[in-house]
Every structure is written in C-alpha cells, then in structure tokens.
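Working notes for the structure below.
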Amino acid sequence: MTEPTINLLAVLVATVAFFALGALWYSPLLFAKPFMAALGKTEEELMEGFNPLRTYGLEFLARLVTAYVLAHMVDYAGATTIAGGLQTAFWLWLGFVATSGLASVTFEGRSAVLYALNAGYQLAGLLIVGGILAVWT
C-alpha cells in the first residue's frame, strides 16, 4: 500500500466547516429546540457546569480527527470528485456512525429523535468533509 496523499490545509478547512455546521445544526435556527426536548433538558440545565473551552476544544479536536481519517479513506477510495467524496463519506457514515449510534437507542433507552438529530448532523458533516477533501487533492 502506498502512503496516502493528505492535504493538511484541506483537512483544516473541512474541520472548520464541520465544526461550523455543528454550531448551526444545534442552534435555535435549526434544531436546538428538538435537541433539548429529546434530551429532556432546558437551556439552563445544559449550561450548568458548561466549560466552553473544554467543550468546544474537544469537539474541534474530534472533528479534526474525523476529517483527517476521512482524508485517508477518500484517498484510499481514489475519490477525486464531489460525487466520489460524498459516496465515500456516506458509506463510512452508514457502516460506522449510523450503526454504532443505534446502541444509544437500543441499549441506553435514548430517544430516537435524539439519535436522528445527532446522526443527521454526522451525515451532513461527513458529506461536507468528504466533498471538500475529494476535490481538494
């Protein structure tokens, strides 16, 4: 196997896009209310003990790792078009994110709405990242 060609600037831009999507996805403009309802918490309850540096720092790091790993998969798949990047991202989401996330519903008793909101965010984010990485080689 040859070494992957990873464009680190593309990974960083894709990370920022994924992170920004999260800010929009869970904002009052989109899904804040159904998200809080599915959690069974108010905004005040969510803000108790909230440490923005820790929370956002860890989230950014998680999106960075996701984008970097997806860059490897996009390279491995030979995806060089938006369609190729979207397809690679979709199959990875379906095989790993959608399936492993179901445990929160089946075993932990979490809301199916919460699962759908979080899985939808992951799908949208991975599609954006996959598209960026595939065309920005």
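Between 101, 22, 40, where does the largest GNM mean-square fluctuation fall for the chain, given springs only between Cα atoms within less than 10 Å? Among 101, 22, 40, the largest GNM mean-square fluctuation belongs to 40. For the chain, modelled as a GNM whose springs connect Cα atoms under 10 angstrom apart, the maximal fluctuation among 95, 85, 120 occurs at 95. The phi torsions of segment 36-44, fed into the Karplus equation with coefficients 6.51, -1.76 and 1.60 and a -60° offset, translate into couplings of 5, 5, 5, 6, x, 10, 8, 4, 4 Hz, rounded to whole numbers, with Gly and Pro shown as x. Within the chain, what is the longest stretch that has no GluC sites (Glu not before Pro) placed in a DSSP loop and near at most 16 other beta-carbon atoms within 10 Å? Counting only loop sites that pass the neighbour cut-off, the longest clear stretch is 49-107.
For segment 63-137, what class follows from the C-alpha gyration tensor (a ≥ b ≥ c being the square roots of its eigenvalues): rounded when a/c is under 1.5, otherwise prolate if a/b is larger than b/c, else oblate? It would help to have the intermediate numbers written out before the result.
Values: a/c = 2.74, a/b = 2.53, b/c = 1.08.
Because a/c hits 1.5 or more and a/b exceeds b/c, segment 63-137 counts as prolate.
Let me make sure I get this right: for segment 32-78, a, b and c are the square roots of the gyration tensor eigenvalues over alpha carbons, sorted descending. Under 1.5 in a/c it's rounded, otherwise prolate if a/b > b/c, else oblate. Which is it? Write down the numbers at each step before the final one.
On the way: a/c = 6.34, a/b = 2.16, b/c = 2.93.
It is oblate, given that a/c is not under 1.5 and a/b is not larger than b/c.
The sum of -39500 (n - 2.57) across all DSSP H runs of n ≥ 4, divided by the residue count of the chain, sets its helix-only mean residue ellipticity at 222 nm to -22500 deg cm²/dmol. Under a model in which nothing but the beta-carbon of Lys, Arg (+1) and Asp, Glu (-1) is charged, the chain shows a dipole of about 140 debye around its Cα centre. At q = 0.24, 0.26 Å⁻¹, work out log10 I(q)/I(0) for segment 19-103 with the Debye formula, treating every Cα as an identical point scatterer and leaving solvent out; two decimals please. For segment 19-103 at q = 0.24, 0.26 Å⁻¹, log10 I(q)/I(0) is -1.25, -1.28. Protein heavy-atom accessible surface, 1.4 Å probe, per residue over the chain: 62 Å².
Rounded to the nearest percent, how much of the accessible area of the chain (1.4 Å probe, protein heavy atoms only) is carbon and sulfur?
69
Residues considered: 81, 66, 106. Largest GNM mean-square fluctuation over the chain, using C-alpha springs under 10 Å, is found at 106.
Over the chain, what is the relative contact order in whole percent, taking alpha-carbon pairs under 8 Å and six or more residues apart? Walk me through the numbers before you get to the answer.
Details: 142 pairs, mean separation 56.9, N = 137.
Across the chain, relative contact order equals 42 percent.
With K and R counted +1 and D and E -1, the other residues having a Cβ less than 13 Å from that of residue 50 yield a net charge of -3.
The values are calculated or read from the model by the stated rules, or taken from the named source; none is laboratory data. This structure is a prediction, so every number in the text was calculated from the model and none was measured. Note: ideal-geometry Cβ built from the backbone for every residue, glycine included; neighbour counts use all protein chains shown. When the accessible area is computed, the model is the full protein with side chains, heavy atoms only, and any ligands, DNA or RNA have been set aside. Shrake-Rupley method; radii C 1.70, N 1.55, O 1.52, S 1.80 Å.
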